[in-house]
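> Sending over a structure as structure tokens; questions will come in a sec.
The values are calculated or read from the model by the stated rules, or taken from the named source; none is laboratory data. Quick caveat, the model's predicted, so the values are computed rather than measured. With ideal geometry, Cβ positions are generated from the backbone for all residues, glycine too; neighbour counts draw on all protein chains shown.
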Amino acid sequence: MPLTLSQLQEALPEGGLFGGGAWRWSPEPLKLSVQEARAITRLGHPLAQFQKASDLLYRRSAKGKLPRWIASLLDAGKPDWLIEQQRHPGTAELLPRVIRPDLILGPDGPALTELDSVPGGIGVTAWLSGVYADAGYEVLGGRDGMIEGFRSLLPEGGAIVVSNEAGDYRPEMNWLSEQLGTAWEVVTAEDYEPDGRSVYRFFELFDWKSMPAIQRLADQVAAGGQKISSPFKPHLEDKLWLALFWNPGLRRVWEQTMRQNHLERLRELIPFGWVLDPAPLPPHGALPRLDVNSWDEVADFSQKERQLVLKISGFHESAWGSRGVYIGHDLPASEWRERINTGLGAAESQPWLVQEFREGKLIEHPVFADDGSIEMMRGRVRLCPYFFTDDAGDTRFAGCLATLVPADKKKIHGMSDGVLIPCVIG
């Protein structure tokens with residue numbers, strides 16, 4: 001049942017699946033416990049409800065029915081036309097139909113570090129699921145779960161619009177399109193012209209200036225004449241929601257908007273977070289859990305106290321992947337202070353947030369050396385389960401990509417010495 005290195009390499013589509021990148025191979029999938037697999041595969045509905053609640057909070061804030069600072073914070077740095085789009089009555093019911101959380105597999109369960117609605121890795125995960133399933137493994141999501149999940153977004157076919165900025169992912173989307181059939185086509189975002197076909201958006205909204213037809217496409221979506229996934233709602237692509245979820249002033253709002261069992265699940269999953277805000281606190285005020293009166297004091301934290309992660313929120317070229325992420329205890333004190341001050345200084349145009357750091361648990365897993373021999377890698381894992389919402393509104397699990405990196409890496413992401421594999425229960 002275990003695969004050989006030559007079997008994996010020979011099964012790789014011509015031209016590969018990821019432009020300019022590579023990864024290490026493993027003879028077998030990652031084994032998850034029954035409890036881990038159950039917890040991960042059941043996240044789709046709670047996360048979809050979280051996004052729905054976030055959109056409702058934003059829209060109510062924009063209308064003045066909740067404090068206006070919420071919408072103002074999420075609108076910072078975004079062009080007026082996109083703000084108008086995400087407030088347009090015609091987009092009120094539109095939500096992302098792809099949900100991919102980034103989960104760090106920890107000793108006490110997974111921790112959510114990002115919630116992506118325009119994720120890469122769909123084609124890679126689909127291909128890996130097929131290869132390992134064909135070798136006899138019962139991969140989570142099934143052999144064709146990813147392909148059928150993506151098909152549910154555009155059941156009649158459509159245009160998969162990929163930008164040059166996301167060009168590294170074009171090979172996997174080309175391969176995926178071939179698996180779906182001739183009704184699906186990959187087109188270049190910079191040359192794209194709306195033609196009535198349903199659209200899968202694989203471009204970041206901060207890159208809108210490079211795509212002349214995008215505003216016209218957005219207008220058609222708002223008017224109800226065009227189907228798209230994911231919608232033109234940049235606020236939902238901000239990491240800020242992971243901090244706003246913990247904001248003491250919004251606790252009652254979240255409780256009134258979401259079911260209690262969903263809130264409890266999210267409180268287990270999302271590390272505590274703070275919006276990086278330069279506004280001074282009153283003398284008797286304190287940042288929750290940090291127990292200090294200002295971010296200047298946080299900037300002076302010792303290495304032991306800096307078990308924190310600083311992140312740029314979104315709508316920026318460094319806001320995806322591992323870019324724009326700084327682990328406090330991994331930085332010299334001077335750089336930590338500099339990064340905090342940078343975030344504070346950019347608050348009006350580019351919000352940042354801080355989260356508690358969650359350590360991934362160490363595991364051992366077999367990987368191939370360059371000569372085809374098998375060695376054990378000791379490392380940490382990021383899990384990326386994929387959920388797709390079909391036309392009927394049902395959100396379903398489709399597959400899970402595991403990224404295993406060496407134990408000395410604090411950031412877990414695709415890298416040349418990382419391993420990409422699907423998951424099984426074992």
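> From the list Ala53, Ala71, exactly one residue is over 30 Å from Leu362 (Cβ atoms), of a type in the set (A, V, I, L, M, F, W, C) and under 18 Å from the mean Cα position of the chain (by Cα). Which is it?
Values: Ala71 fails: under 18 Å from the mean Cα position of the chain (by Cα).
Within the list Ala53, Ala71, the selection yields Ala53.
> Here are some residues: Leu344, Leu420. Which one is within 30 Å of Val34 (Cα to Cα) and either at pLDDT 95 or above or under 18 Å from the mean Cα position of the chain (by Cα) (or both)?
Numbers: Leu344 fails: within 30 Å of Val34 (Cα to Cα).
Exactly one residue qualifies, and that residue is Leu420.
> Scanning for something more than 27 Å from Glu148 (Cβ to Cβ) and of a type in the set (A, V, I, L, M), does the stretch 391-403 turn up at least one residue? It would help to see each step written out before you state the result.
Step one: list which residues in the stretch 391-403 are more than 27 Å from Glu148 (Cβ to Cβ), which gives none.
No, the stretch 391-403 contains no residue that is more than 27 Å from Glu148 (Cβ to Cβ) and of a type in the set (A, V, I, L, M).
> I'd like to check something: does the stretch 8-28 contain any residue that is among the polar types (S, T, N, Q) and within 20 Å of Asn247 (Cβ to Cβ)?
So far as the stretch 8-28 goes, no, none of its residues is among the polar types (S, T, N, Q) and within 20 Å of Asn247 (Cβ to Cβ).
> Tell me, which residue of the stretch 281-323 that is surrounded by fewer than 19 Cβ atoms within 10 Å (Cβ to Cβ) and within 24 Å of the chain's Cα centre (by Cα) is nearest to Pro351 (Cα to Cα)?
For the stretch 281-323, the residue satisfying everything is His316.
> Could you look through the stretch 77-111, keep only residues that are outside any loop (DSSP other than H, G, I, E, B) and aliphatic (A, V, I, L, M), and pick out the one that is surrounded by the fewest Cβ atoms within 10 Å (Cβ to Cβ)? First the steps, then the outcome.
In the first step, residues of the stretch 77-111 are kept if they are outside any loop (DSSP other than H, G, I, E, B); the result is 80-87, 89-91, 98-106, 109-111.
Going one step further and asking which of them are aliphatic (A, V, I, L, M), we end up with 82-83, 98-99, 103-105, 111.
Working: Leu82: 21, Ile83: 16, Val98: 23, Ile99: 25, Leu103: 27, Ile104: 20, Leu105: 22, Ala111: 21.
The selected residue is Ile83.
> OK, next. How many residues does the stretch 160-185 hold that are closer than 20 Å to Pro96 by Cβ and either part of a loop (DSSP other than H, G, I, E, B) or within 22 Å of the chain's Cα centre (by Cα) (or both)?
Looking only at that region, the number is 10.
> Which condition from (1) of a type outside the set (A, V, I, L, M); (2) in contact (Cβ under 8 Å) with a residue 40 or more places away in the chain; (3) in a helix (DSSP H, G or I) is the one that Gly120 breaks?
Here Gly120 clears every test but (3).
> Follow-up question, since we're still on this one. What is the number of the single condition among (1) touching a His at 6+ places or on another chain (Cβ under 7 Å); (2) of a type in the set (A, V, I, L, M); (3) under 19 Å from Ile270 (Cβ atoms) that Met377 does not meet?
Unmet for Met377, out of (1) touching a His at 6+ places or on another chain (Cβ under 7 Å); (2) of a type in the set (A, V, I, L, M); (3) under 19 Å from Ile270 (Cβ atoms): (3).
> Then there's this: Within the stretch 191-214, track down each residue that is over 30 Å from Val275 (Cα atoms) and either in contact (Cβ under 8 Å) with a residue 60 or more places away in the chain or not in a helix (DSSP H, G or I) (or both).
Tyr192, Glu193, Pro194, Asp195, Gly196, Arg197, Ser198, Val199, Tyr200, Met211, Pro212, Ala213
> Identify, by number, the condition in (1) under 19 Å from Ile214 (Cα atoms); (2) surrounded by 21 or more Cβ atoms within 10 Å (Cβ to Cβ) that Glu172 doesn't meet.
Unmet condition: (1).
> Out of everything in the stretch 334-389 that is among the aromatic types (Phe, Trp, Tyr) and in a strand (DSSP E or B), what residue ends up being nearest to Trp25 (Cα to Cα)?
Residues of the stretch 334-389 that are among the aromatic types (Phe, Trp, Tyr), as a first pass: 336, 352, 357, 368, 386-388.
Next cut, in a strand (DSSP E or B) only: 352, 368, 386-388.
Details: Trp352: 35, Phe368: 6, Tyr386: 21, Phe387: 25, Phe388: 27 Å.
Applying the filter and picking the extreme gives Phe368.
> Another question, then. Going through Pro278, Pro271 one at a time, which residue ends up being loosely packed, with under 15 Cβ neighbours inside 10 Å, within 23 Å of Val325 (Cα to Cα) and in contact (Cβ under 8 Å) with a residue 24 or more places away in the chain? Don't jump to the end; show me each part of the working.
Details: Pro271 fails: loosely packed, with under 15 Cβ neighbours inside 10 Å.
Answer to the selection: Pro278.
> Can you find, within the stretch 35-73, the residue that is nearest to Asp390 (Cα to Cα) among those that are in a loop (DSSP other than H, G, I, E, B) and of a type outside the set (D, E, K, R)? Can you show your working first?
The first filter runs over the stretch 35-73 and keeps only residues in a loop (DSSP other than H, G, I, E, B), leaving 42-43, 63-68.
From what's left, of a type outside the set (D, E, K, R): 43, 64, 66-67.
On the way: Leu43: 16, Gly64: 32, Leu66: 31, Pro67: 33 Å.
Ranking the candidates gives Leu43 first.
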